[in-house]
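Novice: Pasting a structure here, questions to come.
The values are calculated or read from the model by the stated rules, or taken from the named source; none is laboratory data. On a predicted model such as this, the values are computed, not experimentally measured, just so you know. Please note: Cβ atoms are built from the backbone with ideal geometry, for glycine as well, and neighbour counts cover all protein chains shown. With ligands, DNA and RNA removed, areas are computed over all heavy atoms of the protein, side chains included. Shrake-Rupley method; radii C 1.70, N 1.55, O 1.52, S 1.80 Å.
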Amino acid sequence: NHAKVRATIDAIADDASIDIDYSLGGRSQVAETAYLVGGGTTKRKQRTVRLVVRRTRLSDPTQLRLWPEWRHHAFITNRDDLTCVAADQFHREHAVVELAIRDLKAGGAEHIPSGHYAANAAWLGCAVIAHNLTRWTCLLGNQTAVTNTTFRTRITAVPAVVVNRSGRPTLRLPTRWPWATNFIGVLAALRALPGPSG
């Protein structure tokens, strides 16, 4: 029930929220409250759960005039061993794992092509290797905030041609290509890595 969740969040006192380091260019706070779930015709199915609420707001005065309200993100947790701040951190780390799984699926793991176990295992193995290679390239090239799909479309699938300049092959990038700086940065970072020893 959206209205019930909204009313529960609105009932949290302002001084009950704890500042956390989460938002860039804004403020973030976490609080918790009790929330009654279940219902229907009998009260036997009702139970009180722990509702953790993270709220964020921009801190720039100009933007704050446009969006003065807090934005709320609430979730229910059964982790009684964690403080509300630690529970929020755990929840965000879990979301990172979910995004990595989604990224892996988008890279080919979702489309297992065969009814044969060995073929599916080989396909999954290739998808995982490709996923990991792309993630390593992102990390080494300082492109950590992009998904594999974004990295492939912006960096790997380069709309360029190889030209021969005085006997030296050169990659000619298109004029005004929006991802040229990203590509050159990744290439420079990879070239700066030390080579194999021996």
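Novice: Do we have Ala130 as surrounded by 13 or more Cβ atoms within 10 Å (Cβ to Cβ) and farther than 24 Å from Ala3 by Cβ here? I'd like the intermediate steps shown before the answer.
Specialist: Working: surrounded by 13 or more Cβ atoms within 10 Å (Cβ to Cβ): yes; farther than 24 Å from Ala3 by Cβ: yes.
Spelling it out, Ala130 is indeed surrounded by 13 or more Cβ atoms within 10 Å (Cβ to Cβ) and farther than 24 Å from Ala3 by Cβ.
Novice: I'd like to know if the stretch 47-57 contains one or more residues that are open to solvent by less than 80 Å² (accessible area, probe 1.4 Å), without any contact (Cβ under 8 Å) to a residue 40 or more places away in the chain and either in a loop (DSSP other than H, G, I, E, B) or small (Gly, Ala, Ser) (or both).
Specialist: no
Novice: Collect the residues in the stretch 6-33 that are modelled with pLDDT of 90 or more and assigned to a loop (DSSP other than H, G, I, E, B), keeping them in residue-number order.
Specialist: Ala11, Ile12, Ala13, Ser17
Novice: I'm trying to understand the selection: among the residues of the stretch 142-173, which are more than 23 Å from Ala127 (Cα to Cα) and open to solvent by less than 50 Å² (accessible area, probe 1.4 Å)?
Specialist: Looking only at the stretch 142-173, we keep the residues that are more than 23 Å from Ala127 (Cα to Cα), and these are 159-173.
Result: Ala160, Val163, Thr170, Leu173.
Novice: Sticking with this one: Looking only at the stretch 58-78, filter to residues that are of a type in the set (Ser, Thr, Tyr) and either touching a residue at least 60 places away in the same chain (Cβ under 8 Å) or not in a loop (DSSP other than H, G, I, E, B) (or both); which one of those is least open to solvent (accessible area, probe 1.4 Å)?
Specialist: Residues of the stretch 58-78 that are of a type in the set (Ser, Thr, Tyr), as a first pass: 59, 62, 77.
Add one more test, that the residue is either touching a residue at least 60 places away in the same chain (Cβ under 8 Å) or not in a loop (DSSP other than H, G, I, E, B) (or both), and what stays is 62, 77.
Numbers: Thr62: 83, Thr77: 23 Å².
Per the stated criteria, the residue is Thr77.
Novice: Which of the residues spanning the stretch 79-101 are in contact with a strand residue (DSSP E or B) (Cβ under 9 Å, 6 or more places away or on another chain), part of a helix (DSSP H, G or I) and open to solvent by less than 90 Å² (accessible area, probe 1.4 Å)?
Specialist: Cys84, Val85, Ala87, Asp88, Gln89, His91, Arg92
Per-residue answers, yes or no, for (1) in a loop (DSSP other than H, G, I, E, B); (2) modelled with pLDDT under 85:
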| position | (1), (2) |
| --- | --- |
| Ser114 | yes, yes |
| Cys138 | no, no |
| Asn142 | yes, yes |
| Pro159 | yes, yes |
| Pro194 | yes, no |
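Novice: Residues of the stretch 107-127 being open to solvent by less than 60 Å² (accessible area, probe 1.4 Å), of a type in the set (A, V, I, L, M, F, W, C) and within 15 Å of Asn148 (Cβ to Cβ), which ones? Even if it seems obvious, please write down each step before you answer.
Specialist: Restricting attention to the stretch 107-127, the residues satisfying the condition of being open to solvent by less than 60 Å² (accessible area, probe 1.4 Å) are 107-109, 114, 119-122, 125, 127.
From what is left, the residues that are of a type in the set (A, V, I, L, M, F, W, C) are 109, 119, 121-122, 127.
Within the stretch 107-127, Ala109, Ala127 meet the criteria.
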